[in-house]
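First the structure, in the form of structure tokens, and then the observations on it.
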């Protein structure tokens, strides 16, 4: 069929449509080059936060810390404004290919799904969602954290607490209540490097207890429970006794009741922001919630 006549209004409409198509195409090309040619993340499917946490702990936490706040081996990435400005594709490219001439190695053995899960978990560490409605009471949970549960002896949360364990300020908002509960009740813990308890005895008879942060053939650095660092030259040491036991207790099921565990999980998730308790068969505080 041959079009023999197009009205002035029809010409204007056709031109507008063509302009819109060209603009979208140019925008797509520009964004692709801006991302270094990286392909966009596959649509559909929710990121697996549990898998992301595990992959992050295995591949990233050794340098960047379990909370992404950094260690002596690597910078903080959860609170870094520069990392926040990177797109998901750019972060995924860094994970897969590393950064040449830096300490960031490539992790080419990770699958595409694992990389996306890590990116999703990092995004969760970077931000905090609003209070989640959970069983228990966050105010009571705070009392348990710094009291009966003794969590605050080793862990800092929102600027308060100990120094031996990881900062938990970003841990709760980034994880489900079930993941946190399972971690609390675990009886088979793997102690990460940098959090292994040791007792150091100097040649003049002084004893220091804490975790070894750095060690080489010539020196040792110990972080004590009060947050102080102690630096020793190897010739000054008489004995270094390393413990294979985890710092975190493995008897919380016996130490805390189901209701108290509800309170503690609520506090860790919501950071002291109390929400109206809900009743859920999975977390019903009138029964043994956690079997």
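Coordinate-derived values only; no laboratory data. Just so you know, these numbers come straight off a predicted model, no measurement behind them. Because the Cβ atoms are built from the backbone with ideal geometry, glycine has one as well, and the counts that use them run over all protein chains shown.
Which three lengths, in whole Å and largest first, does the range 106-233 cover when its Cα atoms are put on their principal axes?
55, 45, 28
Please work out whether the range 49-126 counts as rounded, prolate or oblate from its C-alpha gyration tensor, where a ≥ b ≥ c are the square roots of the eigenvalues and a/c under 1.5 means rounded, while otherwise a/b larger than b/c means prolate and anything else oblate? Show your work: numbers first, answer last.
Details: a/c = 1.19, a/b = 1.06, b/c = 1.12.
Rounded.
Considering the range 185-273, what Rg and Dmax in Å follow from its alpha-carbon atoms?
17.2, 51
By its C-alpha gyration tensor, with a ≥ b ≥ c as the square roots of the eigenvalues, how is the range 197-242 shaped: rounded for a/c under 1.5, else prolate for a/b larger than b/c, else oblate?
Oblate, since a/c reaches 1.5 and b/c is not below a/b.
What's the FRET efficiency of residue 90 with residue 158 using the Cβ-Cβ distance as r and R₀ = 35 Å, to the nearest 0.05?
0.70
Would you mind pulling out the separation of the Cα centroids of the range 132-199 and the range 222-250, in Å?
Cα centroid of the range 132-199 versus Cα centroid of the range 222-250: 21 Å apart.
Note down the nm distance, to one decimal, between modelled labels 7 Å out along Cα→Cβ at residue 202 and at residue 238.
Each label point lies 7 Å from its Cα, and together they span 1.2 nm.
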